[in-house]
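Colleague: Pasting a structure here, questions to come.
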Amino acid sequence: MKIIRFIHEGNTSYGVLEGDNVAVLSGQPFDSINKSGQVLPLGSVSVLAPVAPSKLVCVGLNYTLHAKESGVAVPAVPMLFMCAPSAIIADGEEIVLDSQTQRVDFEAEIGIVVGKTARNVAAGDAAKHILGYTCANDVSNRDLQRADGQFTRAKSFDTYKPVGPCIETDLDADNVDIKLWQNGELRQSSNTSDMIFPIGRIFEFVSSIMTLLPGDLIITGTPSGVGPMKSGDEIVVEIEKIGRLRNTVA
């Protein structure tokens, strides 16, 4: 099923997409998914980013060809960094560049939405703790990334983490196509089967370090083909069976 987070008449809720309608949930979807009985037309709600995480955990260099194009060795273990959750925006919102002269790149990624509190979870048990998956764009200021030697500032500006449009709960996330278009031109095209570290291994590694809470988000690296954005661009991330995340650049 596809779960969205939305505002209707000033109230923030979760719901399940049912065609052109939204079946409103009672409470949050992390412990259990219970429909309230209220159904709203999709056009009557304002769709938000599907999660508001306490933590945004990111994995770098998780596709072999992207590591190669970046000129670095394939990591022996998942390369983790953190970004500010306040950088998250929804489908349809604007990415606002922090600089018009420095290089700011797009990066299509699949995101893991944590469903249950997790600590030291084995890879084989990861699915029991995952609610589902979503699309993400790991927007990155390359000049600042190189200058700092780490990623926090370069990737944490407000609006630099578009996420959405929904959480897909029924997905083999280790084998779905992932694509990105810039102004209608295909720039990235791969499959998550090319990830160096699959979903279970990533979840195991991250949960061995920190307690993951319901609603936390892990974005899992980008395939090759990353490139710079400019004002006026339209960036579309598409992941098979999840949908399309569309944002303009301001």
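Colleague: Could you list, in their original order, any pairs among 35/179; 68/241; 2/179; 35/155 whose Cα atoms are separated by more than 30 Å?
Modeller: Pairs exceeding the cut-off: 35/179; 35/155.
Colleague: Also, quick follow-up: Which GluC sites (Glu not before Pro) does region 1-105 hold that lie in a coil by DSSP with at most 12 other beta carbons within 10 Å? Could the numbers behind the result be given before it?
Modeller: Numbers: sites: 9, 18, 69, 93, 94; in loops: 9, 93.
Qualifying residues, ordered by number: 9.
Colleague: Tell me the relative contact order for the chain as a rounded percent, counting alpha carbon contacts under 8 Å between residues six or more apart.
Modeller: That works out to 26 percent.
Colleague: As an exercise, take the mean of 1/r over every pair of distinct alpha carbons in region 154-250, invert it, and state the Kirkwood radius in angstroms.
Modeller: By the Kirkwood definition, the hydrodynamic radius is 15.0 Å.
Colleague: More than 11 Å apart: what percent of Cα pairs in region 9-48 qualify?
Modeller: Every Cα pair in region 9-48 considered, those over 11 Å come to 61 percent.
Colleague: Step through the residues of region 193-198 one at a time and calculate ³J(HN,Hα) from phi using the Karplus curve (6.51 cos²θ - 1.76 cosθ + 1.60, θ = phi - 60°), rounding each to whole Hz and writing x for Gly and Pro.
Modeller: Calculated HN-Hα couplings, in order: 5, 8, 5, 5, 10, x Hz.
Colleague: If you don't mind, another one. Local charge sum around residue 88 (other residues, Cβ-Cβ under 15 Å, Lys/Arg +1, Asp/Glu -1)?
Modeller: Here the count lands on -4.
Colleague: Residue 185 to residue 153: FRET efficiency via 1/(1 + (r/R0)^6), r the Cβ-Cβ distance, R0 30 Å, to the nearest 0.05?
Modeller: 0.55
Colleague: Tell me, what ³J(HN,Hα) does each residue in region 178-188 have, in order and in whole Hz, if you take phi through Karplus 6.51 cos²θ - 1.76 cosθ + 1.60 with θ = phi - 60° and put x for Gly and Pro?
Modeller: Each residue of region 178-188 in turn: 10, 9, 9, 10, 10, 6, x, 9, 5, 10, 10 Hz.
Colleague: Run the quick spin-label model on residue 42 and residue 26: label points 7 Å from Cα toward the beta carbon, then report their separation in nm to one decimal.
Modeller: Calculated label separation equals 2.6 nm.
Colleague: Now for a separate question. Give a residue-ordered list of calculated ³J(HN,Hα) values for region 57-65 (Karplus: 6.51 cos²θ - 1.76 cosθ + 1.60, θ = phi - 60°; whole Hz; x for Gly, Pro).
Modeller: Whole-Hz 3J(HN,Hα) from phi for region 57-65: 9, 10, 10, x, 6, 9, 10, 4, 5.
Colleague: Next question, about the same structure. In Å³ and rounded to a whole number, note down the convex hull volume per residue for the Cα atoms of region 32-93.
Modeller: So the per-residue Cα hull volume is 177 Å³.
Colleague: Determine by what factor the alpha-carbon radius of gyration of region 58-179 differs from 2.2 N^0.38 Å, reporting the quotient.
Modeller: Cα-based Rg divided by the globular estimate yields 1.12.
Colleague: Another question, then. For the chain, modelled as a Gaussian network with Cα springs under 10 Å, which listed residue fluctuates most, 179, 161, 116?
Modeller: Of 179, 161, 116, the Gaussian network model singles out 116 as fluctuating most.
Colleague: From a point 7 Å beyond the Cα of residue 122 in the direction of its Cβ, which residues of region 74-89 have a backbone N at a distance under 15 Å?
Modeller: Under cut-off, by backbone N: nothing.
Colleague: Shifting gears a bit: Give me the Debye-computed log₁₀ of I(q)/I(0) at q = 0.14, 0.21, 0.22 Å⁻¹ for region 56-119, equal point scatterers on Cα only, no solvent, two decimals.
Modeller: These q points yield log10 I(q)/I(0) values of -0.61, -1.19, -1.24.
Colleague: Can you pull the semi-axes for the chain, root of five times each eigenvalue of the Cα gyration tensor, sorted largest first, whole Å? Can you show the working numbers first?
Modeller: Working: eigenvalues 150, 97, 50 Å².
With the √(5λ) rule applied to the chain, the semi-axes are 27, 22, 16 Å.
Coordinate-derived values only; no laboratory data. In this text, all values refer to a predicted model and were calculated from it rather than measured experimentally. Neighbour counts run over all protein chains shown; Cβ positions are idealised from the backbone, glycine included.
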